[in-house]
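S.K.: Sharing a structure, written as structure tokens. Questions coming.
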Amino acid sequence: DAVVHWFKRDLRIRDNTSLSKASVLAKERGVGVIGVWIMSPQDWEAHLISPVKCDFELRSVEMLRQELGELDIPLHIEIVEKRKNVPKRLVELAKEWEVKNVFCNLEYEPDELRREERLVKMMLENGVNMEVWHDDCVVPPGSLKTGGGKQYAVYSPWFRAWVTYLHSHPHLLGERPMPDSNPMGFRDKFAKLFEGKVPCAPASKTLTEEENERFTQMWPAGEAAALDRLEHFLTEKVVKYKETRNFPALNSTGRVSVHHAAGTLAARTSVRMAQDINTTKKLDSGKDGVKGWIGEVAWRDFYRHVLVHWPYVCMNKPFKFEYTNIEWEYNDVHLHAWREGRTGYPIVDAAMRSLNHTGYMHNRLRMVTASFLAKHLLLDWRLGEQYFITHLIDGDFASNNGGWGFSASTGVDPQPYFRIFNPWLQSEKFDEIGEFIRTWVKELRDVEGKAVHNPYQAGGQAKEVAKKNGYPKPIVEHRFARERCLARYKMGIGRE
Ligand code: FAD
């Protein structure tokens, strides 16, 4: 007998609810824990997971395997091509190992919920107790209700409720105990299970050798790297977070989204560690930087809660129904220009090129580029949502969908539709001296001064450099785009 923990988006040993519970039960029974990780290439395809994210997960699984090994806990690794066969395979493994208890953490998207429901039933039919734990959110979905008993659809009151709930339920932030080492002799008895090897990525997700090196260096995987990054941020940067967070050239944010997405770091750990260094030891008072940062991590919970209450957001529908009828443009040339960072709007292009090269984009720029796609180019926001998820290393359905809904004004608690970012003003405000633009748009490196924000409009030296280096002119005219967007949105939502 042993207790099995199925690792999914929780590729860590520390502060892992289900793994911790599995270890407690195993200890009570004097047995060991077996970890399982299953790669389903079809599942990765279905979820449009980016190759960089797959690579990051595979590297994290290898770290996890090694760390578990130090506790004499094996990580059994398998490939199950079809995702619908994963539950069946888990039941077979439980039977093969003669285990009576299988644990995992809950994932909230409809497909995953259905899978878990089926799995629990199948396990029960086979005499196996299956336990599924809340872990991914700091506050489990379903815990917070408005005075009228409804789910919040606005972030600010939701956040106040989130804070109050956590202050009155401090155990939710408590660190889950580390799993114990497996009993003596376990390794010998289950020697075969320790032979697991991390597979290569499926063909469609494979990186080139150069990309592999680049991303490995840029994004060290595994939970030790996650904790290093978090600690560094909390000691060096968080105090200034409020003033610096919007400036992409400053590298002043936590850069832990990749770890939250892969589960190499629990959002709970981030919030707890931030609260611990806060002067008031609270979530919403004390140092501005700390409470501001906690508020950002809370957005991740917010979008998950939204997804649980309104699962149709997972089905390609806008949160706000009245935005279903907006008539989008169909323009592949524009879509390609946006993807490749050749729109003629330097801040947009710099942002898109940074995404294509690093798998990451700064939050301010995610908003600028998303707004540009949906409002300036008037292309369906879902095309952008899809491009992001297929290229981000921190791709996460709920946060990405929420961010796109916010920026395109179609989502929960969005920007009002008539608020249309002016990319040049955003650029001047958040990349004042053009440092970020010059890093990513090589054609404009030699442009002097502020003309870098809009070289063709500025004329003179800027225009000459841009032209000489083949930098494109703006693919849409700002004023025209703004008017078109207002008219089309108004018409779509029936306000005219
Ligand atoms: P920090 O500023 O250090 O924030 C700390 C943590 O809080 C982040 O790691 C993240 O987990 C969470 N967080 C911060 N802002 C948000 C937010 N607006 N929504 C949800 N969680 C947030 N985030 C993803 O993790 N995956 C995505 O696929 C994703 N897609 C996005 C798409 C768009 C159009 C927009 C506008 C935002 C998107 N975000 C996404 C949110 C945000 O941009 C990133 O979480 C953030 O840039 C990550 O950098 P960081 O770790 O340095 O963040």
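S.K.: Arrange the following residues from fewest to most other Cβ atoms within 10 Å of their Cβ: HIS260, HIS336, HIS305, HIS169.
M.R.: On the way: HIS260 22, HIS336 10, HIS305 25, HIS169 13.
So the residues, fewest neighbours to most, are HIS336, HIS169, HIS260, HIS305.
S.K.: Okay, moving on. Given the Cα-Cα distance of ILE277 and LYS145 and 0.36 nm per residue of separation, how much length would full extension add, in nm? Walk me through the numbers on the way to the answer.
M.R.: Working: separation 132, 0.36 × 132 = 47.52 nm, distance 2.93 nm.
That pair, ILE277 and LYS145, stretches by 44.6 nm at full extension.
S.K.: Using unit Cβ charges (K, R positive; D, E negative) and no other charged atoms, how large, in debye to the nearest 20, is the dipole of the chain about its Cα centre? Walk me through the numbers on the way to the answer.
M.R.: Numbers: 70 positive and 67 negative charges, 263 e Å.
Computed charge dipole of the chain: roughly 1260 debye.
S.K.: Separate question: Which FRET efficiency value, to the nearest 0.05, is calculated for ASP332 and VAL24 with the Förster distance at 60 angstrom and r the Cβ-Cβ distance? Kindly include the intermediate steps, with their values, before the conclusion.
M.R.: Values: r = 55 Å, r/R0 = 0.92.
The pair ASP332/VAL24 has a calculated efficiency of 0.60.
S.K.: Go ahead and collect, in residue order, the members of the range 240-257 whose backbone nitrogen is under 20 Å from a label point 7 Å along the Cα-Cβ direction of ASN469.
M.R.: 248-250
S.K.: Divide by every residue of the chain the summed helix terms, -39500 (n - 2.57) for each DSSP H run of at least 4, and state the resulting mean residue ellipticity at 222 nm, rounded to the nearest 500 deg cm²/dmol. Provide the component values of the computation, followed by the final result.
M.R.: Numbers: 23 runs with 245 residues, N = 496.
Dividing the helical sum by the residues of the chain leaves -15000 deg cm²/dmol.
S.K.: Here's another thing I want to ask about it. State the Cα centre-to-centre distance between the range 368-418 and the range 262-331 in whole Å.
M.R.: 14 Å
S.K.: Mind checking the full-extension length gain between TRP424 and GLN217? Use 0.36 nm per residue of separation minus the Cα-Cα distance, one decimal, nm. Let's see the in-between values first.
M.R.: On the way: separation 207, 0.36 × 207 = 74.52 nm, distance 3.28 nm.
The span from TRP424 to GLN217 would gain 71.2 nm if fully extended.
S.K.: Calculate log10 I(q)/I(0) of the chain for q = 0.09 Å⁻¹, where I(q) comes from the Debye formula with a single equal point scatterer on each Cα and nothing for solvent.
M.R.: Values, matching the q order: -0.67.
S.K.: Holding the Cα-Cα limit at 19 Å, pick out from LYS291/LYS429; LYS84/LYS317; LYS242/LYS442; LYS242/LYS429 the pairs that are longer than that.
M.R.: On the way: LYS291/LYS429 24 Å; LYS84/LYS317 24 Å; LYS242/LYS442 30 Å; LYS242/LYS429 15 Å.
Violating the 19 Å limit, Cα to Cα: LYS291/LYS429; LYS84/LYS317; LYS242/LYS442.
S.K.: Which FRET efficiency value, to the nearest 0.05, do you get for LEU486 and LYS242 by plugging their Cβ-Cβ distance into 1/(1 + (r/R0)^6) with R0 = 35 Å? Don't jump to the answer; show the numbers that get you there.
M.R.: On the way: r = 32 Å, r/R0 = 0.92.
Between LEU486 and LYS242 the formula returns 0.60.
S.K.: In debye, nearest 20, what is the charge dipole magnitude of the range 321-492 about its Cα centre with +1 on Lys and Arg Cβ and -1 on Asp and Glu Cβ, if you could check?
M.R.: On the way: 22 positive and 21 negative charges, 85 e Å.
Once rounded to the nearest 20, the dipole reads 400 debye.
S.K.: Would you mind checking the range 135-161 for residues with the amide N under 18 Å from a putative spin-label position 7 Å along Cα→C-beta of TYR312?
M.R.: 151-154
S.K.: With r as the distance between the Cβ atoms of ASN325 and LYS121 and R0 = 56 Å, compute the FRET efficiency 1/(1 + (r/R0)^6) and round to 0.05. Mind dumping the intermediate values first?
M.R.: Numbers: r = 40 Å, r/R0 = 0.72.
Efficiency computed from Cβ-Cβ geometry: 0.90.
S.K.: Rank these for me by crowding, ILE79, ILE393, going from fewest to most other beta carbons within 10 Å. Walk me through the numbers on the way to the answer.
M.R.: Working: ILE79 12, ILE393 23.
Fewest to most other Cβ atoms nearby, the residues stand as ILE79, ILE393.
No lab work stands behind these numbers, since they all come straight from the coordinates. All figures in this text were calculated on a predicted structure; none of them were measured in a lab. Reconstructed Cβ throughout: ideal geometry from the backbone, glycine too, with neighbour counts over all protein chains shown.
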